[in-house]
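This report refers to the structure that appears directly beneath it.
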Amino acid sequence: MAVEMQKIISLCKRRGFIYQDSEIYGGLGSVWDYGPLGVELKNNVKKIWWRSVVYERDDMEGLDSAILMHPDIWKASGHVTSFKDLLVDCKECQKRFKQEEIKESKCPECGGRLSKPKYFNLMFKTYIGSVEDKKSQIYLRPETAQGIFVDFAQVVTSMRRKLPFGIAQIGKAFRNEITTGNFTFRCREFEMMEIEYFVRPETAEKWHKSWIKERLAWYKKFGIKSKNLRVREHIGKELAHYAKACFDIEYQFPFGWGELEGLANRTDYDLSRHSEVSGKDLSFFDEESKEKIIPYVIEPSAGVDRSFLAFLIDAYREEKVRGEKRVVLGLHKDLAPIKAAVFPLLRNRPQIVKLAKKIARELRGPYKVVYDDTASIGRLYRRQDEVGTLYCVTVDVNSLNDKKVTVRDRDSMLQDRVAISRLKKYLDKKLKYEMR
Ligand code: GAP
């Protein structure tokens with residue numbers, strides 16, 4: 001059965017995954033903070049993406065370009081003129097709506113009269129330097145992609161790259177979204193994982209197909225069930241101003257199918273526009289054909305926050321164990337925020353507590369390990385299952401003599417008796433990253 005969104009939202013808040021931003025001041029609409037466990041899961045999402053698209057391939061480079069960029073970039077890219085929504089205002093309650101969402105010619109909230117539709121650009125504006133005038137106005141980037149295009153020639157030269165090759169970047173993006181809601185699905189500040197893959201124009205379709213296949217496999221490899229994923233082609237007006245073709249990888253959220261990642265064929269649109277506007281030649285000299293070409297671009301562009309949400313929802317399960325409800329976050333081992341938790345079976349026995357703390361201390365380093373002695377063993381297991389902790393290590397009276405501990409597996413709930421001297425190796429082997 002599909003999990004209700006309310007359960008996920010409540011778990012996220014209660015267990016420190018996601019908090020409302022600026023909550024003590026009443027919150028800021030559609031802006032979220034990632035708590036102590038959320039930041040671990042989010043970092044893990046970014047880590048597995050970077051590993052798959054940068055480290056496991058020999059045709060990719062990474063980049064970390066700045067959020068603030070020259071304002072002409074957004075004129076060249078078409079965002080100043082095309083990245084906008086047609087909006088109407090309610091004259092009574094002052095709320096704003098997208099024109100496309102209005103079914104009748106009155107306010108959907110209060111039934112009031114609506115203004116004439118007008119365009120509203122989704123980019124946040126700010127100023128650079130000490131003077132706040134039109135000349136110093138810049139934007140917070142609405143996508144990381146443009147940073148890749150404007151650094152394209154520098155990457156080619158410094159890394160001696162030939163086609164085909166790609167540039168990957170993870171970073172924040174900002175959009176002053178009008179339609180918000182559905183928790184972190186549509187935020188005003190969010191993070192993107194973007195690839196611009198540069199190819200010879202005649203090979204673009206082949207590479208487009210190959211990237212769709214590869215990216216779909218990535219979501220499945222890290223735990224999302226096939227039945228909850230689909231690929232959907234953009235048609236007609238849905239296509240962005242820069243795209244020749246676009247396919248979305250969608251996930252079946254509790255509130256319906258929603259985009260996780262867009263894979264567009266951006267043609268030579270961006271490099272050509274930046275060449276024109278900047279006056280710098282961004283064509284590529286192809287050694288093989290001895291000709292200058294402007295590469296085509298295949299762009300797999302994923303959202304960190306949406307992937308996070310999909311991984312979390314898909315991992316959530318409730319089951320009955322010996323007549324009791326067990327909530328488990330069955331996250332893939334590379335995603336789980338906490339890899340191991342250490343407990344003393346008896347918290348009033350100082351020797352057991354001391355040994356358990358020592359074991360936790362020695363396991364710490366490569367991944368997150370927690371120590372907890374604030375409840376009974378049953379409660380401690382339940383707490384860890386709910387946040388997806390992979391292994392629970394229990395120190396009992398016998399541990400003091402046989403120098404062994406009990407290690408319980410989150411999914412099978414099977415227990416192994418492991419020598420303390422071998423524990424680190426035992427966990428390292430279980431947590432080892434598998435190449436594709
Ligand atoms: N450079 C291409 C681009 O920006 P997009 O489809 O607008 O394409 C790419 O965005 C991905 O970024 C989406 O598939 C989604 O996962 C994420 N995304 C976009 N807008 C978002 C928002 N307001 N909140 C959270 N994630 C968002």
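Heavy atoms of the protein chains alone define the surface here; on that basis the chain has 51 Å² accessible area per residue at 1.4 Å probe size. Ordering Ala341, Ser399, Leu309 by the projection of their Cα atoms onto the charge dipole of the chain, which places +1 on the Cβ of Lys and Arg and -1 on the Cβ of Asp and Glu, puts Ser399 at the extreme positive end.
Over the Cα atoms of region 173-318, what is the Rg over Rh ratio if Rh follows Kirkwood? Radius of gyration over Kirkwood radius for region 173-318 works out to 1.03.
With contributions of -39500 (n - 2.57) from each DSSP H run of at least four residues, the per-residue ellipticity at 222 nm computed over the chain stands at -8500 deg cm²/dmol. Note: relative contact order over region 332-436, using C-alpha pairs below 8 Å and six or more positions apart, is 28 percent.
Once each part is reduced to its C-alpha centroid, what is the distance from region 224-261 to region 382-436 in angstrom? If you average the Cα positions of each part, the centres end up 39 Å apart. Backbone phi angles across region 190-204, fed through the Karplus curve with coefficients 6.51, -1.76 and 1.60 (θ = phi - 60°), yield HN-Hα couplings of 8, 10, 10, 10, 10, 10, 10, 10, 8, 9, 5, x, 6, 9, 4 Hz in residue order; Gly and Pro are listed as x. Fully extending the segment from Leu239 to Asp286, taken as 0.36 nm per residue of separation minus the present Cα-Cα distance, adds 13.9 nm.
Distance between the C-alpha centers of region 14-37 and region 148-220? Whole Å please. Taking the Cα centre of region 148-220 as reference, the centre of region 14-37 is 27 Å away.
Taking amide H atoms as placed 1.01 Å from N in the peptide plane, the amide H of Gly303 lies under 5 Å from those of Met193, each 5 or more residues away in sequence or on another chain.
Remark: region 212-219, residue by residue, has Karplus-estimated 3J(HN,Hα) of 4, 4, 5, 6, 5, 4, 4, 4 Hz, where x stands for each Gly or Pro and the curve is 6.51 cos²θ - 1.76 cosθ + 1.60 at θ = phi - 60°. Carbon and sulfur atoms: what percent of the 1.4 Å accessible area of the chain do they account for? C and S fraction of accessible area: 51 percent.
The H on the amide N of Ile18, modeled in the peptide plane, is under 5 Å from the matching H of Lys13, Gly35, each at least 5 residues off or on a different chain.
Counting every C-alpha pair in region 49-93, the share spaced more than 12 angstrom apart comes to 76%. Simple rule: put +1 on each Lys or Arg Cβ and -1 on each Asp or Glu Cβ in the chain, find the dipole, and look at Thr389, Ser158, Gln415; the Cα lying farthest toward the positive end is Gln415. Length, then width, then depth: along the principal axes, the Cα atoms of the chain run 76, 65, 48 Å. The amide H of Phe284, built 1.01 Å from its N in the peptide plane, has Ile293, Ile294 as neighbours under 5 Å, considering only residues 5 or more places off or on other chains. In terms of overall dimensions, region 338-435 has a Cα radius of gyration and Dmax of 12.5, 44 angstrom. Taking the chain as a Gaussian network, where each spring joins two C-alpha atoms under 10 Å apart, which residue of Glu194, Glu288, Glu177 fluctuates the most? Ranking Glu194, Glu288, Glu177 by mean-square fluctuation puts Glu288 first. Mean-square fluctuations from a GNM of the chain, with a 10 angstrom spring cutoff on Cα atoms, peak among Thr374, Thr179, Thr394 at Thr374. Extension gain for Ala217 to Ser136 (0.36 nm times residue separation, less C-alpha to C-alpha distance): 24.7 nm.
For the options Gly388, Gly166, Gly365, a Gaussian network treatment of the chain with springs between C-alpha atoms closer than 10 Å singles out Gly365 as fluctuating the most. What FRET efficiency, computed as 1/(1 + (r/R0)^6) with R0 = 60 Å and r the Cβ-Cβ distance, is obtained for Glu202 and Lys325, rounded to the nearest 0.05? It comes out at approximately 0.55. Using a simple spin-label model with pseudo-atoms 7 Å out from Cα toward Cβ, Arg51 and Asp72 lie 4.3 nm apart. Computed on region 187-327, with alpha-carbon pairs under 8 angstrom and 6+ residues apart, the relative contact order is 31 percent. What the phi angles of region 89-102 give under the Karplus curve with 6.51, -1.76 and 1.60, with θ = phi - 60°, is a coupling list of 9, 7, 6, 8, 9, 6, 6, 10, 9, 6, 3, 5, 8, 7 Hz, glycine and proline written as x.
Normalised by the number of residues in the chain, the mean separation of alpha-carbon contacts (under 8 Å, six or more apart) gives a relative contact order of 13 percent.
The values are calculated or read from the model by the stated rules, or taken from the named source; none is laboratory data. Quantities reported herein were computed from a predicted structural model and do not represent experimental measurements. For neighbour counting, all protein chains shown are included, and Cβ atoms are generated from backbone atoms with ideal geometry for every residue, glycine included. Note: areas computed on protein heavy atoms with side chains; ligands, DNA, RNA excluded. Shrake-Rupley method; radii C 1.70, N 1.55, O 1.52, S 1.80 Å.
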